[in-house]
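Trainee: First, the structure itself, so that you have it in front of you.
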Amino acid sequence: MTLNQLRYFVKVAENGHLTRSAAELMIAQPSLSQAIGKLEKELGFPLFSSKGRTLILTKEGQIFLPYAKNVLLSGEQAQTAARHIYLDRNGLIRFMHTEPLPKHFIPDVIRGFLEREENQNVRIESDIAGTGKIIDALLHDEITFGFCSEPPSPDDRLKLYPVTEQDIVLCAARTDPLSSLDTVTVQDLAGRPCISYGTGSALQQQLDRFFQKWDMHPDICYRSSAVQINNLVAQGLGWAFIVRTDSLSSGNISVLNMPGLNMKRRTYLAVRANRPLSSTAERFRDFVLEYAAQRR
């Protein structure tokens with residue numbers, strides 16, 4: 001049994017037609033028929049029955065189909081992983097990061113790493129995503145590193161290195177009446193529009209725990225990404241808890257004084273716990289941890 005045989009079987013099962021399937025697979029129809037017949041002989045049971053020109057899955061074929069699809073999916077994932085491992089070994093660093101990081105963190109890491117002589121030929125690819133997507137990409141070997149929050153539940157498939165810690169602060173537009181208060185209480189926020197993060201995001205889950213602890217029931221009118229939340233707050237559309245970054249020191253946003261507010265957003269360098277790193281990836285990991293230690 002080969003991957004090609006399984007691929008042919010799945011295609012015919014989806015189309016119910018040999019001629020159409022052969023055209024999509026770009027092989028001759030006799031070759032496709034022969035491959036299906038050989039697979040049936042090897043399995044010891046028929047996969048299809050004929051009804052005119054239409055091929056219909058037998059009961060045995062229906063049972064076998066999901067297993068064949070799973071094998072093909074595993075094969076595709078293995079090919080993808082092999083390609084990424086090859087790229088890792090040949091000097092490509094791939095990572096994703098969440099949005100609310102210090103403004104210069106990622107640029108400084110990239111610049112500092114590439115300035116070292118041994119990294120002159122290294123290439124870097126990066127993208128922005130939420131923690132959930134980053135972890136999924138790590139576990140599917142689509143990236144080597146992720147800069148993200150801690151996952152909601154422990155995962156022994158990951159290894160996390162703390163790299164940054166930022167305050168989470170209460171903010172509103174400078175023109176918002178809240179900005180004129182010396183201190184802001186939970187009661188002051190009640191009934192006023194709130195802007196927050198997506199319901200599945202790590203930051204929102206952290207805020208939900210805070211809301212529950214403080215018995216807060218915010219009127220969340222908008223949900224968006226970290227960067228867009230800053231823009232919405234600056235335009236006076238509501239208050240929000242925002243990760244403090246350099247961009248909050250200027251512009252139309254005020255950081256409000258809320259006594260007792262002590263929330264931190266920690267960012268981790270995440271890697272696969274059971275995945276050996278290439279020498280290039282090891283240097284990148286060590287550089288990030290060295291850089292993070294210097295900033296503490």
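Trainee: Name the single residue, out of those in the stretch 179-203 being surrounded by 18 or more Cβ atoms within 10 Å (Cβ to Cβ) and of a type outside the set (Ser, Thr, Tyr), that is farthest from residue 238 (Cα to Cα).
Mentor: 202
Trainee: Would you pick out the residues in the stretch 141-171 that are part of a loop (DSSP other than H, G, I, E, B) and either in contact (Cβ under 8 Å) with a residue 12 or more places away in the chain or outside the structural domain of residue 123 (by TED's automatic domain parsing) (or both)? Give the derivation first.
Mentor: At the first step, the residues of the stretch 141-171 found to be part of a loop (DSSP other than H, G, I, E, B) are 141-144, 149-157.
Those that are part of a loop (DSSP other than H, G, I, E, B) and either in contact (Cβ under 8 Å) with a residue 12 or more places away in the chain or outside the structural domain of residue 123 (by TED's automatic domain parsing) (or both): 141, 142, 143, 144, 149, 150, 151, 152, 155, 156, 157.
Trainee: Just checking, how many residues over the stretch 180-192 are among the hydroxyl-bearing types (Ser, Thr, Tyr) and under 14 Å from residue 241 (Cα atoms)?
Mentor: Narrowing the stretch 180-192 to residues among the hydroxyl-bearing types (Ser, Thr, Tyr): 180, 183, 185.
Next, from what is left, pick out any that are under 14 Å from residue 241 (Cα atoms): 185.
Here the count works out to 1.
Trainee: Further question on the same structure: May I ask you to list the residues in the stretch 249-296 that are within 25 Å of the chain's Cα centre (by Cα) and polar (S, T, N, Q)?
Mentor: 267, 274, 278, 279, 280
Trainee: Sticking with this structure for a sec: Which residues, counting only those in the stretch 57-86, are hydrophobic (A, V, I, L, M, F, W, C), loosely packed, with under 13 Cβ neighbours inside 10 Å and either closer than 18 Å to residue 10 by Cβ or touching a residue at least 24 places away in the same chain (Cβ under 8 Å) (or both)? Can you show your working first?
Mentor: As a first pass, look at the stretch 57-86 and keep what is hydrophobic (A, V, I, L, M, F, W, C): 57, 63-65, 68, 71-73, 78, 81-82, 85.
Narrowing further to those that are loosely packed, with under 13 Cβ neighbours inside 10 Å: 63, 73, 78, 82.
Answer for the stretch 57-86, where residues must be hydrophobic (A, V, I, L, M, F, W, C), loosely packed, with under 13 Cβ neighbours inside 10 Å and either closer than 18 Å to residue 10 by Cβ or touching a residue at least 24 places away in the same chain (Cβ under 8 Å) (or both): 63, 73, 78.
Trainee: Do any residues in the stretch 15-34 that are surrounded by 14 or more Cβ atoms within 10 Å (Cβ to Cβ) have Cβ atoms under 6 Å from those of residues that are of a type outside the set (Lys, Arg) and outside any helix (DSSP H, G or I), where the two are at least six apart or on different chains, and which pairs are they?
Mentor: Correct list of pairs: 16/54; 16/55.
Trainee: Looking at 76, 125, 118, 60 in this structure, which one is part of a helix (DSSP H, G or I) and within 18 Å of residue 140 (Cβ to Cβ)? Break it down into steps so the answer makes sense when it comes.
Mentor: Values: 125 fails: part of a helix (DSSP H, G or I); 118 fails: within 18 Å of residue 140 (Cβ to Cβ); 60 fails: within 18 Å of residue 140 (Cβ to Cβ).
Answer to the check: 76.
Trainee: On to the next question. Spot the failing condition for residue 130; the list is (1) of a type outside the set (Ser, Thr, Tyr); (2) within 23 Å of residue 228 (Cβ to Cβ); (3) modelled with pLDDT of 90 or more, and only one is missed.
Mentor: If we test residue 130 against (1) of a type outside the set (Ser, Thr, Tyr); (2) within 23 Å of residue 228 (Cβ to Cβ); (3) modelled with pLDDT of 90 or more, just (3) comes out false.
Trainee: Right, something else. Checking the conditions here, which among 196, 179 is outside any loop (DSSP other than H, G, I, E, B), assigned by TED's automatic domain parsing to the domain that holds residue 262, within 23 Å of the chain's Cα centre (by Cα) and of a type in the set (S, T, N, Q)?
Mentor: Details: 179 fails: within 23 Å of the chain's Cα centre (by Cα).
Being outside any loop (DSSP other than H, G, I, E, B), assigned by TED's automatic domain parsing to the domain that holds residue 262, within 23 Å of the chain's Cα centre (by Cα) and of a type in the set (S, T, N, Q) holds for just one of 196, 179, which is 196.
Trainee: Condition first: hydrophobic (A, V, I, L, M, F, W, C) and not in a helix (DSSP H, G or I). Now tell me which residues in the stretch 1-47 satisfy that. Lay out the reasoning, then the answer.
Mentor: Just the residues of the stretch 1-47 that are hydrophobic (A, V, I, L, M, F, W, C), to begin with: 1, 3, 6, 9-10, 12-13, 18, 22-23, 25-28, 32, 35-36, 39, 43, 45, 47.
Within the stretch 1-47, 1, 26, 27, 28, 45, 47 meet the criteria.
Trainee: Looking at residue 50, is it more than 25 Å from residue 277 (Cα to Cα), of a type outside the set (Asp, Glu) and part of a strand (DSSP E or B)?
Mentor: Details: more than 25 Å from residue 277 (Cα to Cα): yes; of a type outside the set (Asp, Glu): yes; part of a strand (DSSP E or B): yes.
Spelling it out, residue 50 is indeed more than 25 Å from residue 277 (Cα to Cα), of a type outside the set (Asp, Glu) and part of a strand (DSSP E or B).
The values are calculated or read from the model by the stated rules, or taken from the named source; none is laboratory data. Keep in mind it's a predicted model, so treat the numbers as computed, not measured. Counting neighbours? That spans all protein chains shown, and the Cβs are built from the backbone with ideal geometry, glycine included.
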